[in-house]
Number of protein chains: 2
Amino acid sequence: MNDGPRLFSILRQGPYLIASVHTALDDSQLVRFQNDLVERIGSDRARGVVIDVAALDVLDSFASRTLRDMAEMARLRGAVTVIVGIQPDVAFAMVQLGMDTGRVVTALDLEEGLAELDRGARDPTAQRP
Amino acid sequence: MNDGPRLFSILRQGPYLIASVHTALDDSQLVRFQNDLVERIGSDRARGVVIDVAALDVLDSFASRTLRDMAEMARLRGAVTVIVGIQPDVAFAMVQLGMDTGRVVTALDLEEGLAELDRGARDPTAQRP
């Protein structure tokens, strides 16, 4: 499985982790990504996570659910998650397919994602006016 | 029930209470923990509570609901609650089982939990701009 280029990377930047997906992941790779990330939140004492999915030109329901689960697990471990880089086509497909993404914080790109974390990444489950 | 080692401890640190669960609690023990904690919030005039569940390697739906209820009761008594030390496996299981943990403030460990309280522990149920 580790032949060839890395499928994803998890880098630390200050109190944040930047997790980039480099290519389309199959389901087992997604699960590995999930486990690695949750592990790293503990070992790096991360307070925020940016998941960059800009390299994905498709996001099926399993991947979408996995991202949502990752955000929730990260929250239980004390880190806020922002998903960045959802492509226009992907956003279109997700909405058309009626995927539930309600509780996930999103931002345009990595820069905006980090800015969002710096702003204290408002908890998306909080009720705001 | 009081034979053997203590099942949980509630310690005071300044304006905060640190409640640690030392081992898996059965349902009646959980209820006792809950009652003790709510009592202590009043007697110690606590403004914040950290509940450390790092010793738990499983958190079933009753325990999870009890923790949520404790946080809500503490809030009604004027104290903010942060749950810390949810293990990766536990987080995974909770998310997979779809447990609703939406309103509970979480942090990685005791240190982060106290820091969160010091930051004024943004109440996730509070309405913010």
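A short reminder: the numbers here are calculations on the coordinates, not readings from a lab. Computed from a prediction, not measured in an experiment: that's the story for all the values here. Neighbour counts are summed over all protein chains in view; Cβ atoms, including those assigned to glycine, are modelled from backbone coordinates with ideal geometry.
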Exercise for review: Kindly provide the set of residues from the stretch A:41-52 that are at the interface with another protein chain (Cβ under 10 Å from one of its Cβ atoms) and either among the aliphatic types (A, V, I, L, M) or closer than 13 Å to A:Phe8 by Cβ (or both), ordered by number.
Suggested key: A:Ile41, A:Ala46
Practice item. Would you confirm whether any residue within the stretch A:82-90 is within 14 Å of chain B (Cβ to nearest Cβ), hydrophobic (A, V, I, L, M, F, W, C), without any contact (Cβ under 8 Å) to a residue 60 or more places away in the chain and within 23 Å of B:Pro88 (Cβ to Cβ)? Key: no
Exercise for review: Keeping to the stretch A:65-92, report how many residues are buried (at least 21 other Cβ atoms within 10 Å of the Cβ), of a type outside the set (Val, Ile, Thr) and over 26 Å from B:Leu59 (Cα atoms).
Suggested key: 1
**Study point:** Qualifying position, being under 29 Å from B:Val104 (Cα atoms) and among the polar types (S, T, N, Q), among A:Gln87, A:Gln29, A:Gln34
**Key:** A:Gln34
Check your understanding: Within the group A:Ala55, A:Ala115, which residue is in contact (Cβ under 8 Å) with a residue 24 or more places away in the chain, surrounded by fewer than 21 Cβ atoms within 10 Å (Cβ to Cβ) and more than 14 Å from chain B (Cβ to nearest Cβ)?
Key -> A:Ala55
Exercise for review: Output the residue which, of all residues in the stretch B:93-108 that are at the interface with another protein chain (Cβ under 8 Å from one of its Cβ atoms) and either surrounded by fewer than 20 Cβ atoms within 10 Å (Cβ to Cβ) or of a type in the set (D, E, K, R) (or both), is farthest from A:Leu37 (Cα to Cα).
Suggested key: B:Arg103
Practice item. Might you check whether a residue that is among the β-branched types (Val, Ile, Thr), farther than 26 Å from A:Met70 by Cα and in contact (Cβ under 8 Å) with a residue 60 or more places away in the chain occurs anywhere in the stretch B:35-45? Key: no
